[in-house]
Amino acid sequence: MAVGDSQDLRVRALTEELIRRLRDFIAGRETPATLQQWAQKVWGPTQEGPATANRLATEALHDLWSADSRFPAGDLGSPPIFRPVDAAETLRQLQRGTLVGPVCEVAGLKAPLRHFATRLDLETERHVLDGLGWFEFLRFASPGTGRAFDLQRPLERRDSDNLPTLVRASIADDPQETLRDLFETLVIDHDDVAALADNFADLKPLRRTLWRQDDNGNRAVVAPFTGVRKAEAALQQYSALMHKQLYWLE
């Protein structure tokens, strides 16, 4: 399964729904029983679910498959095995991931770090880097693959808001898939990148073109994209305008 294909997009949608339901469970809006019903519905009786590309999501679905189980078995007077504290740790792993081994720089992004923290609904962390001072970090994981990324920016430089947001990822991962995964996770494309690191600068992106046809049959290009989810978001935005025009992606 390649990043950006139809199966990858389905996995991302499932993982994002899983994250929403875990948050609702922690907030008291879901129960172990409703989580179990949902997991069994979306995953099917074979448990060969659509999240196999994301190990963390697959493990979480295993938990939710029997979230309403009791111990001893069948004792309905005992509380369900799956607790909010378990959901909180599962949620942390799904959203943050783990950077494995040495890391490398991937890109500098134009938007400030806080923009992505808001988009991902995650809190940042602040630490001192030896000899460099205070930095702000944001660790997040791809909902499609579980691949972890790290964003960082300096805090003590007066021009820090004008600096690109540095992205790092595991050096062991395939550069092409890493870059595509970054784009699909943040819903961005090359237009949102200030600079790419050397190993990523010459990679060939996936391309989608948004077209428009007016009521006279005239066709024109609206915009090109190198991120599938960003292209689909633009398609939805234009289609919602309710103009007498047809929009589609190629």
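With the whole protein complex present, Arg229 retains an accessible surface near 50 Å², based on a 1.4 Å probe. In the stretch 164-250, the inverse of the mean reciprocal separation of distinct Cα atoms equals 14.4 Å; this is its Kirkwood hydrodynamic radius. Probing with 1.4 Å while keeping every protein chain in the model, the per residue accessible area of the stretch 161-250 equals 58 Å². Suppose we look only past 18 Å in the calculated P(r) of the stretch 102-225. What percent of the Cα-Cα pairs does that tail hold? Everything past 18 Å amounts to 57 percent.
Solvent exposure of the stretch 22-117, expressed per residue, is 55 Å² of accessible area, with all protein chains present and a 1.4 angstrom probe.
A compact globular protein would have a Cα radius of gyration near 2.2 N^0.38 Å; the ratio found for the chain is 1.16. Surface composition of the chain: carbon and sulfur atoms hold 50% of the protein heavy-atom accessible area at a 1.4 Å probe.
Could you state the number of Å between the C-alpha centres of the stretch 109-165 and the stretch 200-226? Result: 30 Å between the Cα centres. Here the contact order of the chain, divided by its residue count and restricted to Cα pairs under 8 Å and six or more residues apart, works out to 17 percent. Kindly provide the helix-only [θ] at 222 nm of the chain, computed as the sum of -39,500 (n - 2.57) over DSSP H runs of four or more divided by all residues, to the nearest 500 deg cm²/dmol? Mean residue ellipticity, 222 nm, calculated: -11000 deg cm²/dmol.
Ordered from highest to lowest accessible area with the whole protein assembly present and a 1.4 Å probe, Ile171, Ile19 read as Ile171, Ile19. Computed over Cα pairs, the Kirkwood radius of the stretch 27-148 leads via Stokes-Einstein (0.692 mPa s, 37 °C) to a diffusion coefficient of 192 µm² per second.
Accessible surface comparison of Ser170, Ser6, probe 1.4 Å, protein chains only, largest first: the order is Ser6, Ser170. Dipole size of the stretch 150-211 about its Cα centre, with +1 on Lys/Arg Cβ and -1 on Asp/Glu Cβ: approximately 140 debye, rounded to the nearest 20. Each Cα pair under 8 Å and six or more residues apart adds its separation to the average, and for the stretch 112-217 the resulting relative contact order is 20 percent.
Segment Ala195..Ala223, full-extension length gain: 8.0 nm, with 0.36 nm per residue of separation and the alpha-carbon distance subtracted. Only Lys, Arg, Asp and Glu carry charge here, each on its Cβ (+1 for the first two, -1 for the last two); on that basis the chain has a dipole of about 500 debye about its Cα centre.
The values are calculated or read from the model by the stated rules, or taken from the named source; none is laboratory data. These numbers were taken from a predicted model, which means no experiment stands behind them. Note: ideal-geometry Cβ built from the backbone for every residue, glycine included; neighbour counts use all protein chains shown. SASA here: full protein model, heavy atoms, side chains in, ligands and nucleic acids out. Shrake-Rupley method; radii C 1.70, N 1.55, O 1.52, S 1.80 Å.
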